[in-house]
1. Considering only C-alpha atoms, what is the centroid distance from region 304-331 to region 436-515, in Å?
2. From the Cα gyration tensor of region 495-616, with a ≥ b ≥ c the square roots of its eigenvalues, which class applies: rounded if a/c is under 1.5, or else prolate if a/b is larger than b/c, or else oblate?
3. If you place +1 on the Cβ of every Lys and Arg and -1 on the Cβ of every Asp and Glu, how big does the dipole about the Cα centre of the chain come out, in debye to the nearest 20?
4. Quick one: pull the percent of accessible area on region 95-135 belonging to carbon and sulfur, 1.4 Å probe, ligands and nucleic acids left out.
5. Can you give the local net charge around Thr188? Use residues other than it whose beta-carbon is closer than 14 angstrom to its beta-carbon, Lys and Arg +1, Asp and Glu -1.
6. Tell me, what is the FRET efficiency for Asn207 and Glu433 to the nearest 0.05, using R0 = 35 angstrom and their Cβ-Cβ distance as r?
7. With angles folded into 0 to 90 degrees, how steeply does helix 353-369 sit against the dominant principal axis of the chain? Use alpha carbons for both and round to 10.
8. Tell me, what is the FRET efficiency for Glu590 and Ala91 to the nearest 0.05, using R0 = 56 angstrom and their Cβ-Cβ distance as r?
Amino acid sequence: MKQSFLLMSLVVLMLSCISPGEKYYEKHAVIPDTASVDEIIDIAARVVPTPNQLAWQQMELTAFLHYGINTYTDREWGSGKELPEEFNPTAFDAEQIVSSVKAGGFKLIILTCKHHDGFCLWPSKYTEHSVKNSPYKGDVVKEISDACRRHGIKFGVYLSPWDRNAPSYGDSPRYNEYFINQLTELLTNYGEVSEVWFDGACGEGPNGKVQVYDWQAVTETIHRLQPDAVTAICGDDIRWVGNERGIGRESEWNVTPLAPKVYANSDALRDELGIKETSKDLGSRELITKAKELFWYASETDVSIRPGWFYHESQDNRVRSLKNLVDIYFSSVGSNSSLLLNVPPTPEGKVHPIDSMRLKEFGDYIRNAFAKNLVVDSDDAKCLASGDSALYDIAEGANVNCVMLQEDISKGQRVEKFKVELLIAGQWVCVGEGTTIGYKRLLRFPTTNATKMRVIVEESRLTANILRVGLFDCPVPGEEGVSKVKEYISSTTWKTLDGDGSKMFDNDEATIWQSDSMKPLIVDFNQLLTIKGFSYVPAGEVGVKGVVTKYRLSVSKDGQKWKRVRDVAEFENVVNNPVTQNCRFDSLYEVRYLMFEPLETAGNCGIYTIAEFGAIVK
Ligand code: FUL
């Protein structure tokens, strides 16, 4: 008996590639000053997730519900001056919302309980700016969390730290108390909360209010009230992937020297390495060998099913296509990240039928595409050192076009370079290669018929633990459903009064015009145009300089007499989500000239950029 137990323990140890007493660092490791490069790599390979972080990453699919005052005012960032009466769902239906999301295969739903405008979707004791003073007297947080539980979906809360309504915002101790009181309500009255999402956005600008948060107290509150919850973004379990377009990195490391913002020494650690959430490299050998501390800090890819985070009727024809959603799945879940897909409820209080249909298509696609793993013994775990390979049989006669690789991340993330080959008509052919694997890596290739698969770990930090592999025959999803029609027009006959503006009127959003100062831009339409509004298309990449965040706009018939139609107006959330900004006026204007005055840009860099400038005429 004793002997067979010993034998079994030995087999388990051999299978899991660890020897007794193997050292691991849960969530965090400090690198000793004296550590050699090899020692640092050794430590990095042994940083592992907490059980909460691991369970979160295994869920893969999370949905966001952006719902609030903005749903009723057609905005992305409310000012905080809205009236609670404006929140007026006519047929709020938590059951419909949650079941639509569930059909998409999502395991957790995060609700924007309070967005930047400060309006609370629950009747908070601490403010009058909430549902309790709206025509809808109910409690949206309760309705959604109850529906989640009925459907076996986990529930998470988004509570915006930046608050444009709370009078105490900027008076740090007072606001911290308010913030923790609200957090306590959310974590006490709505059952289990699995993820707490603290948005890092703040549009206060250089002269705005400055709030110093008490993150330590916030973290303690979460650990005390919801010990199984993970905290995201301004939290220390999950980091922002760095864009709002659904794109993960080619090399996505869970182990990174990027210190969570909530740690007191975070800025010092980040500045020393010159890294932030948007940096391309957050985990290479080169980077980590300069690090003093390492964190298990996996990424989450947040993206909306529509251009905006909140519902706008004008975007009903811009819902992402199935093909686009599937591409996003591959570049998030398939790139060692987790997908957080936003589905914004309508003013009625439901998921729009188009979004709901797309969610169902997406859920069906993923369920069907990955239903049949064509690798024989795909769950046989393997231990592969650098240069080792593993051989697998493929089900006879199978067509394949997608490979899946998974590391056992409970023992760290280790693979740095890999290759996958298939035996096709007696020849080994490489069908995919890459750097990181992590929790999951998916690669697509043209459909083929093969008999064997070889996975080669070319470089690894210590021995890699390959947990599972797969080959699938994924259908090619149709492009249907998304409109490419632009809301604005632009014309190469338009001019700027100063210099060459052709790049902003060439109908090509890839070409970018750049000013040399903050001087206003005067556009000459060369004829009288009746306009309803204008469009500003920012350079599409996060991080391109000169994105305009605040502006003033005037129009004129003759270039002499100007009428101001927008003053100190804001492009809401344009830095993180640089999609086309369509600004509609309250009335029509017949004009020849338009003056666009940039008042503030991201990073205040003294210049501004425009990918495309258009007029809305219908
Ligand atoms: C951003 C916010 O400013 C957006 O409004 C949205 O909530 C998105 C998920 O995060 O930073």
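The values are calculated or read from the model by the stated rules, or taken from the named source; none is laboratory data. Just so it is clear, the structure is predicted and the values come from calculations on it, not from any experiment. Glycine gets a Cβ as well: all are built from the backbone with ideal geometry, and neighbour counts include every protein chain shown. Accessible surface is based on the protein model in full, side chains and every heavy atom, while ligands, DNA and RNA are left aside. Shrake-Rupley method; radii C 1.70, N 1.55, O 1.52, S 1.80 Å.
1. 15 Å
2. prolate
3. Values: 68 positive and 85 negative charges, 115 e Å.
In debye, rounded to 20, the chain gives about 560.
4. Details: 590 of 1090 Å².
Accessible surface attributable to carbon and sulfur in region 95-135 totals 54 percent.
5. Numbers: positive: Lys125, Lys142, Arg224; negative: Asp139, Glu185, Glu192.
Value of the local net charge: 0.
6. Values: r = 50 Å, r/R0 = 1.43.
It comes to 0.10.
7. For 353-369 against the chain, the angle is about 20 degrees.
8. On the way: r = 40 Å, r/R0 = 0.71.
Approximately 0.90, to the nearest 0.05.
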